[in-house]
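One structure below.
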Amino acid sequence: MKLHYLQHVTFEGLGIIEKWALDKGAAITCTRLFAGEKLPGIGTFDWLVIMGGPMGINGHDEHPWLGAEKEFIKEAIDSGKTVLGICLGAQLIADVLGAKVYPNAQKEIGWFPIHRSEDAPELLPETIEAFHWHGDTFDLPEGAVRLASSKACRNQGFIYGDRVIGLQFHLETTEASMNALIENCGGELVDAPFIQPLEKMREKVPNTCRGEVLQSRIGNINNAMKQLLDALHSE
């Protein structure tokens with residue numbers, strides 16, 4: 001198994017996906033688009049994972065590599081690769097499949113529950129408190145099936161065919177990667193209906209051992225991510 005991932009910023013990496021892939025004996029490679037690295041040949045990998053980032057899908061002037069990245073994602077899908085996009089990665093997949101990507105009615109940042117759609121395959125738990133950090137959303141690509149919704153965002157994920165998945169939320173998050181997001185994007189933590197205060201996000205509350213709730217949340221989402229990846233790997 002050869003897994004390649006596309007990284008848009010230094011502070012959004014594979015998270016728990018890296019451990020899962022290494023446990024499977026996978027070879028992992030990366031294109032750091034922000035550093036100007038070249039995209040690989042389409043025949044050099046089996047899986048493509050597209051990470052998140054604070055930029056939008058139409059920020060071509062500031063991030064000129066976006067155009068080549070979109071072409072690369074489309075080629076990977078057309079070549080039958082297993083493709084997983086997270087947050088910005090999901091938005092890029094939706095875009096190359098012809099769906100509209102646009103600002104969501106509310107930014108969604110923090111721990112909020114998502115609910116699996118009734119007609120979705122059982123790739124996700126029926127309900128799980130997931131970690132979110134997004135302002136944009138997408139329409140479903142033609143032929144895709146909605147995977148989940150939340151109170152703030154109807155289209156939280158989709159599956160297209162058997163091997164292409166977009167997740168608006170983050171199941172890969174570790175405590176370190178969450179803290180990196182806070183450090184680099186903490187200016188977005190303003191008073192809003194679906195933006196948690198920092199102390200709530202980290203669950204430092206009286207009479208609770210520091211980190212206990214957070215570790216439980218992270219364990220739950222990481223287990224859900226591993227189960228989803230196992231299901232894709234078995235196809």
### Query
Can you spot a residue in the stretch 148-167 that is part of a loop (DSSP other than H, G, I, E, B) and modelled with pLDDT under 95?
yes
Residue hits (the stretch 179-235; modelled with pLDDT under 90 and in contact with a Phe, Trp or Tyr (Cβ under 7 Å, 6 or more places away or on another chain)) are none
F11: passes all of (1) of a type outside the set (D, E); (2) over 19 Å from the mean Cα position of the chain (by Cα); (3) under 20 Å from C185 (Cβ atoms) but (2)
Considering residues that are out of contact with any Phe, Trp or Tyr (no Cβ under 8 Å at 6 or more places or on another chain) and either charged (D, E, K, R) or in contact (Cβ under 8 Å) with a residue 40 or more places away in the chain (or both), the number found within the stretch 87-108 is 6
Checked the stretch 1-47 for anything surrounded by 20 or more Cβ atoms within 10 Å (Cβ to Cβ), in a strand (DSSP E or B) and of a type in the set (A, V, I, L, M, F, W, C); matches are L3, L6, W47
In the stretch 64-92, anything of a type outside the set (G, A, S), farther than 21 Å from D139 by Cβ and not in a helix (DSSP H, G or I) is listed as P64, K81, T82
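The values are calculated or read from the model by the stated rules, or taken from the named source; none is laboratory data. Remember, it's a predicted structure, so these values are computed and weren't measured experimentally. In this analysis, Cβ positions are derived from the backbone assuming ideal geometry, glycine residues included, and neighbour counts consider all displayed protein chains.
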